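Trainee: Supplied in structure tokens, the structure appears directly below.
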Amino acid sequence: MKTLKSLLIALCALLATACSKNPEEQGAVTAILNQIPLGYDANGVWTGANDAQAQVSYLNMIFSHSYVADWNSWNGFVASRSSDTADHSDGNWLDHQYSAITGGGLSGTGTPYLIAYWNSSELLDEATTVTPSCYVAYGNQGALFQPLSAFVTNSSYAFYAMAAGTAWSKKFEAGDYLKLLAYGITADGTITGPAECFLANYEDEYSLPVSNWTYFNMESLGVVKMLFFRMESSDSGKWGMNTPAYFAIDRMAIMPKQP
């Protein structure tokens, strides 16, 4: 009986410790796309995707977005609730670039998430002088925050490009990989990181790209004024990555810090 009582006490202590680590109870901010009043078109794509002035924000957490009308090009983050996970390799992938291979966010099929497109020509050592294409900030004056975590997965475009290859990128084979890299910029301009997460890791010829939501811990970046993302692929050339530079992200969590 004494042993059972001791086990119950130990279990209660463990549960209390686990609850005390709940980010929401500690004042963290977690971007839940369902709670952001955004407009979506008939394909489930954010109506601000082609608006150079639009951006996605949640409780002062700001996700970068850039659109150039003359080139009909964009980078940064676009909200989507597309459930289209089909292979469009026989058509124009740019007509289907805003979909995650999961068909929805963490809340389920057809629920919103963010699709990101990274400018793979960016140089890491210029991140403090040239604003990165895929960044997260808190507030409009460079307020400090601690990146905590997010869930990430592949876009449908990147998934099928790695699984089967395209005219511009190779079919992944044993030894190939795709990584998502997270960096921070501190108050004094120091670059921290990277924290890394594999979106594909072909240990053998039977491997496949990531197709589910994967937890990405970014606490190692420390307290920063900006969080930014880059990618790294085994299929790269003179002009950067050949693998389509897309990824999907949901439930980004940060801890705001006092000045």
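The values are calculated or read from the model by the stated rules, or taken from the named source; none is laboratory data. No experiment lies behind these values; they were computed from the predicted model shown. When we count neighbours, we look across all protein chains shown, and the Cβ atoms used for this are built from the backbone with ideal geometry, even at glycine. Side chains included, ligands, DNA and RNA excluded: accessible areas come from the protein's heavy atoms. Shrake-Rupley method; radii C 1.70, N 1.55, O 1.52, S 1.80 Å.
Trainee: How long are the three semi-axes of the equivalent ellipsoid of the chain, in whole Å, if each is the root of 5 times an eigenvalue of the C-alpha gyration tensor, listed from largest down?
Mentor: Rounded to whole Å, the semi-axes are 31, 23, 20.
Trainee: Report the longest stretch of the chain that contains none of the chymotrypsin sites (Phe, Trp or Tyr not before Pro) sitting in a DSSP loop with at most 15 other Cβ atoms within 10 Å.
Mentor: My reading of the result: 72-167 is the longest stretch.
Trainee: Would you work out what percent of the accessible area of segment 68-198, with all protein chains in place, is carbon or sulfur (probe 1.4 Å)?
Mentor: Using a 1.4 Å probe with all protein chains present, segment 68-198 comes out at 48 percent carbon and sulfur.
Trainee: Identify, among Tyr138, Ser107, Tyr67, the residue whose Cα sits farthest towards the positive end of the charge dipole of segment 33-177, taking +1 on the Cβ of Lys and Arg and -1 on the Cβ of Asp and Glu, with the dipole about the Cα centre.
Mentor: With unit charges placed on the Cβ atoms, the residue in question is Ser107.
Trainee: Also, I was wondering about something else. In whole angstrom, and with the biggest value first, how far do the Cα coordinates of segment 25-73 range along each principal axis?
Mentor: For segment 25-73, the Cα spread along each principal axis is 45, 22, 12 Å.
Trainee: To the nearest 0.05, how large is the calculated FRET efficiency for Leu124 and Gln26 if R₀ is 35 Å and r is the Cβ-Cβ distance?
Mentor: 0.65
Trainee: Extent of segment 22-162 along each principal axis, from alpha carbon coordinates, in Å, largest to smallest?
Mentor: The Cα atoms of segment 22-162 stretch 46, 35, 28 Å along the principal axes, largest first.
Trainee: Let me ask another. Per residue, how many Å² of accessible area does segment 103-213 show with a 1.4 Å probe?
Mentor: On a per-residue basis, 44 Å².
Trainee: Further question on the same structure: Which value, in nm² and rounded to one decimal, describes the direction-averaged projected area of the C-alpha convex hull of segment 149-247?
Mentor: It is 6.7 nm².
Trainee: From the Cα gyration tensor of segment 85-144, with a ≥ b ≥ c the square roots of its eigenvalues, which class applies: rounded if a/c is under 1.5, or else prolate if a/b is larger than b/c, or else oblate?
Mentor: oblate
Trainee: Over all pairs of distinct alpha carbons, what does the Kirkwood formula give as the hydrodynamic radius of segment 30-112, in Å?
Mentor: For segment 30-112, the Kirkwood estimate is 13.5 Å.
Trainee: Another one. Can you show me the helix-derived [θ] at 222 nm for the chain, built from DSSP H runs with n ≥ 4 at -39,500 (n - 2.57) apiece and divided by the number of residues, rounded to the nearest 500.
Mentor: -3500 deg cm²/dmol
Trainee: Dipole magnitude of the chain about its Cα centre, charges +1 at Lys/Arg Cβ and -1 at Asp/Glu Cβ only, in debye to the nearest 20?
Mentor: I would put it at about 980 debye.
Trainee: Once the Cβ-Cβ distance between Leu59 and Tyr215 is put in as r, and R0 is 30 Å, what FRET efficiency do you end up with, to the nearest 0.05?
Mentor: Taking R0 as 30 Å, the efficiency between Leu59 and Tyr215 is 0.90.
Trainee: So, counting K/R as plus one and D/E as minus one, what does the shell of residues with Cβ under 14 Å around Trp213 add up to?
Mentor: Charge balance near Trp213 sits at 0.
Trainee: Could you pull the Rg and Dmax for segment 114-186, using just the Cα atoms, both in Å?
Mentor: 15.5, 45
Trainee: Where does the longest stretch of the chain lie that holds no trypsin sites (Lys or Arg not before Pro) found in a DSSP loop with 10 or fewer other Cβ atoms within 10 Å?
Mentor: 22-237
Trainee: With an 8 Å Cα cut-off and a minimum separation of 6 or more residues, compute the relative contact order for the chain in percent.
Mentor: Answer for the chain is 22 percent.
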